[in-house]
Each structure stands twice: as C-alpha cells, then as structure tokens.
Ligand SMILES: [Zn+2]
C-alpha cells in the first residue's frame with residue numbers, strides 16, 4: 001500500500017532518530033580509539049601502542065573498533081539513502097518490484113509496513129530479499 005504523508009513523516013523521524021544515535025556511537029568510538037590522546041599528538045607512536053594496549057584491556061581493540069566503525073558508516077550511508085528516498089517519494093518501494101513485480105508480493109512494488117518498521121533502510125520487499133539471499137548461499141556452494 002502506498003505510504004501516506006503521515007507514514008512518510010513517521011519513517012523520516014525514525015530514520016533521523018537512528019541516524020542521530022549512530023552518529024553519537026561513531027563519535028564515542030572515535031573518542032575511545034584515536035581521540036584525546038596527548039601521545040598521538042606528540043607523534044610518539046611507541047607510547048601510542050602502549051596506550052592502545054592499555055585501552056584494549058578494558059575496551060575493544062583498535063582493529064575491532066575500526067571494523068565496527070566501518071560497518072556503522074555503511075549503515076549511516078543506508079540511512080542517508082533511505083532519507084533521500086523519503087524526499088524523492090520512492091521510500092517504501094521495492095527496487096526490483098518497480099521493474100518487475102514479484103509473483104508473491106500481493107502489493108507490488110510496495111514493501112510491507114511491518115518490514116519497513118523493522119528495517120527502514122530496506123530497498124527490497126521480503127520476497128525479493130529472500131530470493132537475493134538464496135542466490136547468495138548458492139554462490140557459496
Ligand atoms: Zn520486490
């Protein structure tokens with residue numbers, strides 16, 4: 001079912017909330033790994049390594065932090081794209097159903113509201129998503 005203006009507003013707020021939270025987390029991540037470190041500023045890398053080792057003891061190690069940061073940056077990108085789609089008026093549509101409706105999607109090209117609430121960054125309806133996932137597992141075999 002096409003989303004009403006009210007629905008779009010709801011999802012826009014949901015996306016913005018998620019974005020804000022994510023930016024906050026990314027900020028924390030940065031502060032805990034590379035920020036506010038006097039040794040780093042003086043260019044003393046051996047000291048920096050000690051500092052990191054210390055930090056890894058009570059928090060996550062640097063590699064892990066960066067892996068997480070890159071995952072979160074990618075999610076941030078998805079959130080921004082979803083917000084763009086809200087503006088363009090294509091939010092909530094399955095990008096594959098727009099070209100050819102999926103036989104199982106009774107409401108093509110729309111993604112179900114339930115799915116959008118769970119995954120507001122979704123660009124595929126659940127049926128096309130399932131197809132894409134099974135394609136992927138086929139590749140692995
Ligand atoms: Zn679809």
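No value in this document is a laboratory result; all are computed from the given coordinates. The structure presented is a predicted model; accordingly, all values stated were derived computationally and were not measured. Positions of Cβ are backbone-derived with ideal geometry, glycine not excepted, and every protein chain shown enters the neighbour counts.
The figures follow:
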item	result
Potential extension, residue 100-residue 135 segment - 0.36 nm per residue separation minus Cα distance	10.8 nm
Ranking of 93, 1 by count of other Cβ atoms within 10 Å, fewest first	1, 93
